[in-house]
Structures are given as C-alpha cells and as structure tokens.
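Note sheet for the following structure.
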Amino acid sequence: MRSVVCMKAVPSTTEVRMDPKTNTIIRDGRQSVANPFDTAALEVALALKDELGGRVSVLSMGIPDTCRLLRDAIARGADDALLLSDRAFAGADTLATSYTLSMGLDELGDADLVLCGKMAVDGDTAQIGPELGGILGVPCVTGVSEVLEASDHRVVVRHDTDEGTEVAEVPLPAVLTVTKDIATLRMPSIAGVRAAAGAEVRVLDAATLGADPACCGLAGSPTQVVRSFVPERSHEAATIAGTPAEQAAALLEVFEEVAR
C-alpha cells in the first residue's frame with residue numbers, strides 16, 4: 001500500500017496575525033503545529049503500512065519551517081517527505097492549494113491512497129480532499145471515522161454523512177478525508193527520532209515543480225478574503241420589568257430585533 005498523507009502547519013494559538021493587504025494569515029512558523037486532523041490521517045496511513053506493508057509519504061505546502069513538522073512525521077514512521085515552498089504559493093485558497101498539492105503528488109509518483117484530515121483547524125473549509133479527488137479523477141470519501149477493511153485494490157470505510165453514518169467500499173486509487181477521532185498518532189521511537197534527524201526533506205519551489213504561476217497563490221485563487229475582523233463583544237445586561245406576559249412580549253421584541 002503506497003499512501004501519501006497531506007499535512008498542514010497551523011497556528012497553535014488563537015492569537016493569529018493577519019496580513020492587512022491580503023487578509024491572509026501571516027505564517028512565520030512561530031508556535032505552528034501539525035493540523036490535528038492530519039495527524040490522525042498519518043496514523044491511519046501508518047496502521048495500513050503495518051498491516052499491508054508499503055510506504056508512507058508526507059506532503060505539505062508551506063514555509064521552510066514546515067520541514068520541522070515533516071521530520072516529526074518521519075520520526076513517527078513515515079518513509080519520506082516533500083515540502084512545496086515558494087512565495088508564489090502564498091495566499092492560496094483551497095483551489096490553488098489543491099492544484100499545487102496535486103503537482104506534488106505527481107512528483108511523488110503513483111499513490112494507492114491519498115489521506116487528508118477532514119479539515120484544517122485554521123480554515124474549516126473541508127474542501128482540499130474533495131478537490132484533490134476531482135483533480136486526480138479518483139473517488140473521494142469524506143469524514144471517514146473508521147477503516148473497516150483494506151487491501152491492495154480497495155478499502156471499506158465507515159464515514160459520516162448529513163443523514164448519519166454509512167459504509168462505503170471504494171476502489172483504489174482513492175482519496176480519503178478522516179475525522180480527528182479516527183486514530184491517535186503514535187509516539188516517535190528512538191530509532192525513528194534518529195532516522196528523522198538525518199532524513200532529507202525534499203523542498204521544491206514553483207519553477208522546479210513546473211507549476212503554472214497563474215494557478216498558484218493569490219493569482220490562482222478565485223476566492224479571496226475581502227475583510228477579516230474580531231467581532232465586538234459587550235457584557236451589558238438589561239432588566240425587563242412587568243408581569244410574566246409583559247416580560248415575554250418584551251423579550252420577543254428583543255429576539256425579533258436581533259434576527260433582523
């Protein structure tokens with residue numbers, strides 16, 4: 001089983017800084033961690049490797065500091081890592097990100113299974129997995145909460161839907177996005193830490209990757225953040241006097257005003 005896990009570095013704090021010109025998150029590497037949904041996807045891939053053999057590669061797009069997180073994935077059992085890093089990738093929306101990641105997947109070679117977290121905690125779009133499936137032309141199952149069976153030509157999974165959960169059988173190659181609770185990432189071994197310390201994380205820029213500049217970063221993003229702000233909050237309280245019926249009527253007026 002050849003698996004590729006897409007991983008993203010996300011802020012470890014809610015105190016993020018925004019670029020006032022592009023309205024995108026400033027990613028300088030400070031206090032960044034691996035997206036928790038993606039670490040669950042990594043554990044799923046490592047468990048499949050334990051069961052079926054094969055290789056696990058990790059793929060990310062981000063600033064050079066992301067190499068630190070990819071080496072940690074190697075310490076936990078991944079075989080190799082590829083980082084796509086270039087100023088040309090900055091400010092990408094999900095479509096531009098998916099395009100760039102698909103170029104990275106081509107660089108890594110044929111994969112039986114591409115695994116992503118269901119969403120990233122700094123964006124919550126849950127679009128990367130389905131978009132990758134569309135670009136690659138392979139089936140995609142989202143919100144996978146359990147892998148029931150796996151072989152070299154198919155996987156059977158349980159996944160969440162709007163109506164509940166269902167079991168799906170998917171031929172390979174395929175893309176899966178997984179929930180955060182599907183698995184807990186294993187701890188790195190001593191041998192893994194030593195291997196990761198000397199491991200080479202390949203870093204490719206847009207030119208080396210052969211990416212179309214018009215499809216990358218802000219230039220390739222049909223959706224852009226127009227404005228971002230912190231909602232104003234107040235702690236004012238009001239007393240509603242009168243009989244219960246009068247209070248209920250006054251409260252209804254408040255609700256209707258808020259709903260307008």
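I'd like the residue in the range 57-99 that is of a type in the set (V, I, T) and either surrounded by fewer than 23 Cβ atoms within 10 Å (Cβ to Cβ) or out of contact with any strand residue (DSSP E or B) (no Cβ under 9 Å at 6 or more places or on another chain) (or both) and, out of all such residues, is nearest to D205 (Cα to Cα). Show your work before the answer.
In the first step, residues of the range 57-99 are kept if they are of a type in the set (V, I, T); the result is 58, 63, 66, 74, 94, 97.
Add one more test, that the residue is either surrounded by fewer than 23 Cβ atoms within 10 Å (Cβ to Cβ) or out of contact with any strand residue (DSSP E or B) (no Cβ under 9 Å at 6 or more places or on another chain) (or both), and what stays is 63, 94.
Values: I63: 11, T94: 18 Å.
That would be I63.
Give me the residue from the range 100-131 that is hydroxyl-bearing (S, T, Y) and surrounded by fewer than 21 Cβ atoms within 10 Å (Cβ to Cβ) and, out of that set, nearest to V155 (Cα to Cα).
S102
Residues that are among the charged types (D, E, K, R), under 19 Å from E43 (Cβ atoms) and modelled with pLDDT of 95 or more: does the range 193-205 have at least one?
The first filter runs over the range 193-205 and keeps only residues among the charged types (D, E, K, R), leaving 194, 200, 202, 205.
Okay, now just the ones that are also under 19 Å from E43 (Cβ atoms), so none.
Checking the range 193-205: not a single residue is among the charged types (D, E, K, R), under 19 Å from E43 (Cβ atoms) and modelled with pLDDT of 95 or more.
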Unmet requirement for E246, which otherwise passes all of (1) assigned to a helix (DSSP H, G or I); (2) at pLDDT 95 or above: (2)
Elements of type strands (runs of 3 or more DSSP E) contained in the range 78-186, each with 1 or more residues being within 29 Å of Q224 (Cα to Cα) and without any contact (Cβ under 8 Å) to a residue 24 or more places away in the chain: 154-161
Filter pass, A211 being modelled with pLDDT of 95 or more and either among the acidic types (D, E) or part of a loop (DSSP other than H, G, I, E, B) (or both): yes
Residues located in the range 187-208, provided they are surrounded by 10 or more Cβ atoms within 10 Å (Cβ to Cβ), in a loop (DSSP other than H, G, I, E, B) and out of contact with any helix residue (DSSP H, G or I) (no Cβ under 7 Å at 6 or more places or on another chain): S189, E200, D205
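Scan the range 166-186 for residues that are of a type in the set (S, T, N, Q), surrounded by 12 or more Cβ atoms within 10 Å (Cβ to Cβ) and more than 20 Å from L82 (Cα to Cα) and jot them down.
Going residue by residue through the range 166-186, those that are of a type in the set (S, T, N, Q) are 177, 179, 184.
Subset that is surrounded by 12 or more Cβ atoms within 10 Å (Cβ to Cβ): 177, 179.
Correct list: T179 only.
The values are calculated or read from the model by the stated rules, or taken from the named source; none is laboratory data. Every value quoted in this text rests on a predicted model; they were computed, and no experiment measured them. Ideal geometry is used to build each Cβ from the backbone, glycine not excepted, and the neighbour counts take in all protein chains shown.
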